[in-house]
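Written out below as structure tokens is the structure these notes cover.
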């Protein structure tokens, strides 16, 4: 679990730094670029569509892990819009909260025992 936590911290720090540089250079107006590439029906758009599906799965998984309650739905929206930046921090925090239990980390504490 320690290596996984180190990896999550690395992902978070790397993405946060990279995102900060991109925002300072290009602004925060991502959506026109993101969907514009998809509208062109080329490889960058294919990657963005694939990523959009991955973000959707991530958001649904986080919401499911919290039994689709209000907190889970809010965290699911954060996972969808926050991507790996959010998910790396979320998993790092949750890994400590569930005391390293992989089953609880993946399924949620409520479903681990089932």
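No lab work stands behind these numbers, since they all come straight from the coordinates. Being a predicted model, the structure only gives us computed values, none of them experimental. Every residue, glycine among them, receives a Cβ derived from its backbone with ideal geometry; neighbour counts consider all protein chains shown.
Starting from 0.36 nm per residue, how many nanometres of slack lie between residue 54 and residue 70 once their C-alpha separation is accounted for? Kindly include the intermediate steps, with their values, before the conclusion.
Details: separation 16, 0.36 × 16 = 5.76 nm, distance 2.18 nm.
Result for the pair: 3.6 nm of gain on full extension.
Quick one: helix 43-65 against the long Cα principal axis of the chain, what's the angle to the nearest 10°, folded into 0 to 90?
Long axis of 43-65 versus the principal axis of the chain: about 20 degrees.
Could you state the angle between the C-alpha long axis of helix 2-26 and the longest principal axis of the C-alpha atoms of the chain, as a value from 0 to 90 degrees rounded to the nearest 10?
30 degrees
I'm spelling it out carefully: the read-out is volume of the Cα convex hull per residue in Å³, the candidates are (1) 119; (2) 139; (3) 88, and one was derived from this structure. Which label?
The value computed from this structure is option (1).
Mind telling me which of 95, 25, 58 comes out most flexible in a GNM of the chain, alpha-carbon contacts under 10 Å?
Ranking 95, 25, 58 by mean-square fluctuation puts 25 first.
In degrees between 0 and 90, to the nearest 10, how far off the longest principal axis of the chain does helix 30-39 point, with axes built from Cα atoms?
Relative to the chain, helix 30-39 is tipped by roughly 70 degrees.
Just to verify a number: FRET efficiency for residue 110 and residue 23, C-beta to C-beta distance, R0 = 35 Å, to 0.05? Could the numbers behind the result be given before it?
Values: r = 37 Å, r/R0 = 1.06.
My answer for the efficiency is 0.40.
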